[in-house]
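One structure below.
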Amino acid sequence: MTATLPAGRSPGFVEEVEIHGHIIDSLLLPKVLDEILTRGGSYTIKDIRVGQRQEDPSHARIEVRASTPEQLREVLNAIHDHGAVPVAPQDCVTVSADMDGAFPEGFYSTTNYRTQVRLHGEWVDVEDQEMDCGILVDPEGDAARCLPMTDVRKGDCIVVGRQGLRVFPAEQTARQSLFEFMASPVSSEKPKGVTVREIAAAMRRTREAGEKILAVLGPAVVHTGGRDHVARLIRGGYLDVLFAGNALATHDIELDLYGTSLGVSQDQGLPTEEGHEHHLRSINTIRRLGSIRSAVERGVLKSGIMYECVKHDIPFVLAGSIRDDGPLPEVITDILDAQKKMRELIHGVGFCLMTATMLHSIATGNLLPAWVRVACVDINPATVTKLTDRGSIQTVGVVTDAEPFLRALVSELS
């Protein structure tokens, strides 16, 4: 099977690559071949072995040709992230960082897929996998991890180029459940009941595997009446870490102290007199007490999401934004400090439930490796679409309001 060069073009420069895994049913092989042709190259499939059963991996060795070394490099770079690596690999190349807070020119920019680097002839997993980082090789040269740009220190050994690197796209793992199949185009017409059941099953499997469940929540969870459902998830052991902002915590506390969310009565669904002040008065109450934990311990805060987090020792990150009132004492107003805390708490997470927050959902998606399953629930389809477009392709999107989804989820888990 050969794609020929246009008439009159020299065969030019050649590199053999190989790709291994579930490359047929996941369409990885066609993607690689399409990338080669789209960028002006040609290919010859030198060898291909197709798995006989669904669980069997396949393997292909491909000769890639281009008319210039620059074009060949462009083609190889494009197919690298689909898992295609040179047949004769070499060790990765590192360069010492020449300043704090910036990578050397030509640094390798990571994806959220599992990645390995070749050190002293051995393939080594890159730890703390995260997209949009560089790769730091330790001084001994036997381990590597993802490193955010702001954490670079002068003298760090940073991987440059793509030599000695290989990526394992998520599609190379055989699909085994509806969860994987539904991580596809977003629609409000998908069968919600089936999706909720599969999300609940994924949460159960996560808990049984001893992994953590992360929830990323926006204030609409409280506004729409979903607060008590989240509290039940915490009490039931289905929420281990919480990421949110000042608004979620503020309106959750406002509902306990005043019975309103953004000044609207949760019982009557109508604005209350001077209700527009309730969120600010709630923040002031907590600031006077020193912390949310202090408010719980002193009996001022008696219910809600933040109350349950304190009572069940659920760690949380409240990341601030420029529009925050107050904010609450626990809100981290330095975005780099907030990122650092979120990275610490992501370790061990096996499932992430994002509900009604575009800002925090996309931010968390950027931090999660591709093997962490993600369910994103939002009334706005653009939230899920943006999350997927930014690389979090493992996301199952559910287009619905927060409260009905959370009610159905809690019922399924019960």
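The values are calculated or read from the model by the stated rules, or taken from the named source; none is laboratory data. Please read all numbers here as calculations on a predicted model, not as lab measurements. Heads up, the Cβs are rebuilt from the backbone with ideal geometry, glycines too, and the neighbour counts pull from every protein chain shown. These accessible areas exclude ligands, DNA and RNA; they are computed on the full protein's heavy atoms, side chains included. Shrake-Rupley method; radii C 1.70, N 1.55, O 1.52, S 1.80 Å.
Worth a mention:
- Shape analysis of the stretch 193-266 yields a ratio of the Cα radius of gyration to the Kirkwood radius, Rg/Rh, of 1.04.
- Accessible-area composition of the stretch 189-303, carbon plus sulfur, in percent [1.4 Å probe]: 46 percent
- Highest mean packing comes first when the peptides 104-115, 203-214 are listed by Cβ atoms within 10 Å, giving 104-115, 203-214.
- With the highest mean first, a sort of the peptides 116-126, 55-65 on other beta-carbon atoms found within 10 angstrom per residue produces 55-65, 116-126.
- Within the chain, the cysteines lacking any other cysteine Cβ closer than 4.7 Å to their own Cβ are CYS92, CYS157, CYS309, CYS352, CYS376.
- The charge dipole of the chain, taken about its Cα centre with unit charges on the Cβ of Lys, Arg, Asp and Glu (plus for the first two, minus for the last two), comes to roughly 660 debye.
- For the chain, the per residue solvent-accessible surface stands at 47 Å², with DNA, RNA and ligands left out and a 1.4 Å probe.
- Student exercise, the stretch 1-134 dipole from Lys, Arg, Asp, Glu Cβ charges, in Debye to nearest 20: 820 debye
- Only protein atoms count toward the accessible area here, which uses a 1.4 Å probe; on the stretch 37-140, the carbon and sulfur part of that area reaches 47 percent.
- Burial ranking of peptide ranges 38-46, 71-79 (average Cβ count within 10 Å, highest at the top): 71-79, 38-46
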